């Protein structure tokens, strides 16, 4: 397709993307560099039932309203919020670097900061879940594909279940099962032989549980894509391989996998993005004491009694940047293809 | 026979007419609030008013929607049911109106103690009180041969006695789930040790202090006697453990008291053994390690005066003294409504008030500190860092948030 034709073809989609994707991102970007006005505080007497009256502080609304009137966007703070302890924590990282004598000490200080702690878990999650989810998805696709056709429909349905179940519900189900009074939890207690053994009390085991959940949830997506890909597998290639005396493993390794490779890249990319934004299982597992992610931080900033819109916006922008960095190799390749096509 | 029917019909009509006359509203009312039995009863009664549509949205996530739902003009919600912590967020953004003139016009029947006054303005009308206090199993304590604890130090001794005699493996309960619950437990303990959350007259945090360290160490000592999953147990999960008979002593919300024996599936042991007492003190302090709470309703600022008046009338009807004539409703909470006779379930909260328990601070920046506490304290309880480090982290996290919100320079 010529670029000009493409442009006209793309225009409606492009307009919708600008309206629903680009503009909100700009809005989030704006919110992350503006913070609420400095509060004008005053002391007043509060009277409440059963306790009586005490002197407490409150915001002087008239004075604050005047400030808001003057600068409706709030106070411009530039990159201050990005640099504070809740985000990149530049000062704290510098101090940790200067004070630490070993890498271990530095790492410990770093993971004490919310952003780096979240990244630590998120990257571990991605490293395990993305490849294992793909391998499991492929294995299921190969297994289902070799079934008798009467069984296929049923097996496809069951294999898709983890994706059909809402993530929050799926994680809650697993959460109850691994509770020390749940079926898996009490089985583990029996296995270990320690009545106080608790999966949910250990950071390492909680991470394992989250990763296992992640793989369970991710596999069906890979399965669907790979199963569709298997239907396009050229029969003659496979037959010639069989005539050459290739074992089943060799057929998979040298015929099936090369054929599915573009799909593996596709599934890998989607999974990479999804896993970077891991959120529901952390809430479902009540795992925030052990594992957090950037999405969880945004949720936490927005769900407290006092909402931190600027902090949440800054974390959102950092999430977008993180996804961009993860996808950069592919973006670069697409750009090269585009230049090559000219 | 015919005559009887007519008499019955007309008396019913009279009754219905009487109720309608008692509460007639002239504009729309829309209520947002938390979801528990007492609030449901109030809203149910507010909806008896006729004349205009009365809607409600009661959900545990009310705090996530009430502010946004009242910021528009006109506001979606004409009233939000709040507590001392959640009214602050609404006042910070100036979305609730002072009720002075409405109370002057329609306030007959409301008692003075129900009115929440902030600097001369009435900002809310309270209808129930709440506090955390002791709940325990008198049968287990008797079996173990120990007295009912009045301090946290005694609670540890009681727990040790119960465990060492093999009565209950993890006898202590507590809503220690990381996040809001854990922070609230710290607040209780911290106030019990005489701590002040902020330096006097400022928004500077003050939790990294001797009281803070003592509070954390006491919490850690208690967790030794808790279900090892305690960091994931919120008050729902803790109560489920209690009702299943797995807990012998715990500090729990008074609003849960009446349900401990009536919920489906409670074992007979728990039903017969359940008892409540006032809140515990700690470290030789006089003030209980607990906080007093009220629940009440506000009226939105960004609505017409007609809607505000209708809202006031409907909500006043919701908390009218006739609400608690029903014994089932009277049991649901510690009502601050005229004519309320404290039931047995309420004595824990009243004991808290008598002992001088402090109210949960109604400060504009308290919510930020609460969030910081909820995020940072779990590391200490898991043994990953020292109490000093955890509290320093809390102050650092709070300071960053308070700077963003303009409370600190």
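The values are calculated or read from the model by the stated rules, or taken from the named source; none is laboratory data. All figures in this text were calculated on a predicted structure; none of them were measured in a lab. So basically every Cβ, Gly included, is an ideal-geometry build from the backbone, and we count neighbours across all protein chains shown.
Take the residues in region B:188-198 that are more than 13 Å from every other protein chain (Cβ to nearest Cβ) and assigned to a loop (DSSP other than H, G, I, E, B), then tell me which one is surrounded by the fewest Cβ atoms within 10 Å (Cβ to Cβ).
B:194
Go through (1) more than 13 Å from the chain's Cα centre (by Cα); (2) surrounded by fewer than 22 Cβ atoms within 10 Å (Cβ to Cβ) and name the single condition residue A:272 misses.
It is condition (1) that residue A:272 fails.
List the helices (runs of 4 or more DSSP H) that sit entirely inside region B:295-409 and contain at least 3 residues that are in contact (Cβ under 8 Å) with a residue 60 or more places away in the chain and within 23 Å of the chain's Cα centre (by Cα).
B:305-318, B:347-354, B:366-376
If I filter region A:164-180 for residues that are within 20 Å of the chain's Cα centre (by Cα), assigned to a helix (DSSP H, G or I) and loosely packed, with under 12 Cβ neighbours inside 10 Å, do I get at least one hit?
Yes, that holds for at least one residue.
Checking the structure you have, find out if any residue of region B:124-131 is away from chain A (no Cβ under 14 Å) and over 30 Å from residue B:248 (Cα atoms).
No: zero hits.
In region A:136-153, which residues are under 16 Å from residue A:228 (Cβ atoms) and touching a residue at least 40 places away in the same chain (Cβ under 8 Å)?
Of everything in region A:136-153, those that are under 16 Å from residue A:228 (Cβ atoms) and touching a residue at least 40 places away in the same chain (Cβ under 8 Å) turn out to be A:137, A:138, A:140, A:141, A:142, A:144, A:145.
Return the total of residues in region A:290-305 being over 18 Å from residue A:85 (Cα atoms) and modelled with pLDDT under 90.
Number of matching residues: 2.
Scan region A:98-118 and give yes if some residue there is free of Cβ contacts under 8 Å to residues at least 24 places away in the same chain, surrounded by 19 or more Cβ atoms within 10 Å (Cβ to Cβ) and under 30 Å from residue A:28 (Cα atoms), otherwise no.
Checked against the condition, which is being free of Cβ contacts under 8 Å to residues at least 24 places away in the same chain, surrounded by 19 or more Cβ atoms within 10 Å (Cβ to Cβ) and under 30 Å from residue A:28 (Cα atoms), region A:98-118 yields at least one hit.
I'm told residue A:68 meets every condition in (1) more than 8 Å from chain B (Cβ to nearest Cβ); (2) exposed (fewer than 13 other Cβ atoms within 10 Å of the Cβ); (3) under 30 Å from residue B:84 (Cβ atoms) except one. Can you identify the failing condition by its number?
That leaves (2) as the condition not met.
Would you mind finding the one in B:68, B:89 that is surrounded by 17 or more Cβ atoms within 10 Å (Cβ to Cβ) and within 25 Å of residue B:370 (Cα to Cα)?
Matching residue, one of B:68, B:89: B:89.
Which ones in region B:301-341 are surrounded by fewer than 19 Cβ atoms within 10 Å (Cβ to Cβ) and touching a strand residue (DSSP E or B) at 6+ places or on another chain (Cβ under 7 Å)?
B:301 - this is the single residue of region B:301-341 that is surrounded by fewer than 19 Cβ atoms within 10 Å (Cβ to Cβ) and touching a strand residue (DSSP E or B) at 6+ places or on another chain (Cβ under 7 Å).
In this structure, is residue A:143 over 30 Å from residue A:109 (Cα atoms), under 15 Å from the mean Cα position of the chain (by Cα) and part of a helix (DSSP H, G or I)?
For residue A:143, the condition - over 30 Å from residue A:109 (Cα atoms), under 15 Å from the mean Cα position of the chain (by Cα) and part of a helix (DSSP H, G or I) - is not met.
Table: residues versus (1) within 11 Å of chain A (Cβ to nearest Cβ); (2) not in a loop (DSSP other than H, G, I, E, B).
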site	(1), (2)
B:186	no, yes
B:200	yes, no
B:208	no, no
B:212	no, yes
B:215	no, yes
B:219	no, yes
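Scan (1) part of a helix (DSSP H, G or I); (2) without any contact (Cβ under 8 Å) to a residue 12 or more places away in the chain for the single condition residue B:63 breaks and write down its number.
Going through the list (1) part of a helix (DSSP H, G or I); (2) without any contact (Cβ under 8 Å) to a residue 12 or more places away in the chain, residue B:63 breaks only (2).
Looking only at region B:100-118, count how many residues are crowded, with 20+ Cβ neighbours inside 10 Å and either without any contact (Cβ under 8 Å) to a residue 24 or more places away in the chain or part of a helix (DSSP H, G or I) (or both).
3
Is it true that some residue in region A:174-187 is away from every other protein chain (no Cβ under 14 Å) and in contact with a helix residue (DSSP H, G or I) (Cβ under 9 Å, 6 or more places away or on another chain)?
Yes.
If you scan region B:362-374, which residues turn out to be out of contact with any helix residue (DSSP H, G or I) (no Cβ under 6 Å at 6 or more places or on another chain) and more than 7 Å from chain A (Cβ to nearest Cβ)?
B:366
Among the residues in region B:137-145, are any in a strand (DSSP E or B) and touching a helix residue (DSSP H, G or I) at 6+ places or on another chain (Cβ under 9 Å)?
So far as region B:137-145 goes, yes, one or more of its residues are in a strand (DSSP E or B) and touching a helix residue (DSSP H, G or I) at 6+ places or on another chain (Cβ under 9 Å).
Of the residues A:32, A:27, only one is in a helix (DSSP H, G or I), touching a helix residue (DSSP H, G or I) at 6+ places or on another chain (Cβ under 6 Å) and either more than 13 Å from chain B (Cβ to nearest Cβ) or touching a residue at least 12 places away in the same chain (Cβ under 8 Å) (or both); which?
Among A:32, A:27, only A:32 is in a helix (DSSP H, G or I), touching a helix residue (DSSP H, G or I) at 6+ places or on another chain (Cβ under 6 Å) and either more than 13 Å from chain B (Cβ to nearest Cβ) or touching a residue at least 12 places away in the same chain (Cβ under 8 Å) (or both).
Quick one: is residue A:301 under 14 Å from the mean Cα position of the chain (by Cα), assigned by TED's automatic domain parsing to the domain that holds residue A:212 and part of a helix (DSSP H, G or I)?
no
Look through region B:74-85, keep the residues that are farther than 20 Å from residue B:47 by Cα and either at pLDDT 90 or above or part of a strand (DSSP E or B) (or both), and return whichever of them is farthest from the other protein chains (Cβ to nearest Cβ).
By that ranking, first place goes to B:74.
If residue B:172 passes every condition in (1) over 26 Å from residue A:299 (Cβ atoms); (2) in contact with a strand residue (DSSP E or B) (Cβ under 7 Å, 6 or more places away or on another chain); (3) crowded, with 23+ Cβ neighbours inside 10 Å; (4) at the interface with chain A (Cβ under 10 Å from one of its Cβ atoms) but one, which one does it miss?
Failed condition: (4).
Going through B:139, B:121 one at a time, which residue ends up being in contact (Cβ under 8 Å) with a residue 12 or more places away in the chain, within 9 Å of chain A (Cβ to nearest Cβ) and surrounded by fewer than 22 Cβ atoms within 10 Å (Cβ to Cβ)?
It is B:121.
Does region A:277-287 contain any residue that is surrounded by 21 or more Cβ atoms within 10 Å (Cβ to Cβ), touching a strand residue (DSSP E or B) at 6+ places or on another chain (Cβ under 8 Å), in a helix (DSSP H, G or I) and within 12 Å of chain B (Cβ to nearest Cβ)?
Step one: of region A:277-287, the residues surrounded by 21 or more Cβ atoms within 10 Å (Cβ to Cβ) are A:278, A:281-282, A:284-287.
Subset that is touching a strand residue (DSSP E or B) at 6+ places or on another chain (Cβ under 8 Å): none.
No, because not a single residue in region A:277-287 is surrounded by 21 or more Cβ atoms within 10 Å (Cβ to Cβ), touching a strand residue (DSSP E or B) at 6+ places or on another chain (Cβ under 8 Å), in a helix (DSSP H, G or I) and within 12 Å of chain B (Cβ to nearest Cβ).
Among residues belonging to region A:83-97 that are within 11 Å of chain B (Cβ to nearest Cβ) and under 18 Å from residue A:317 (Cα atoms), point out the one that is surrounded by the most Cβ atoms within 10 Å (Cβ to Cβ).
This residue is A:86.
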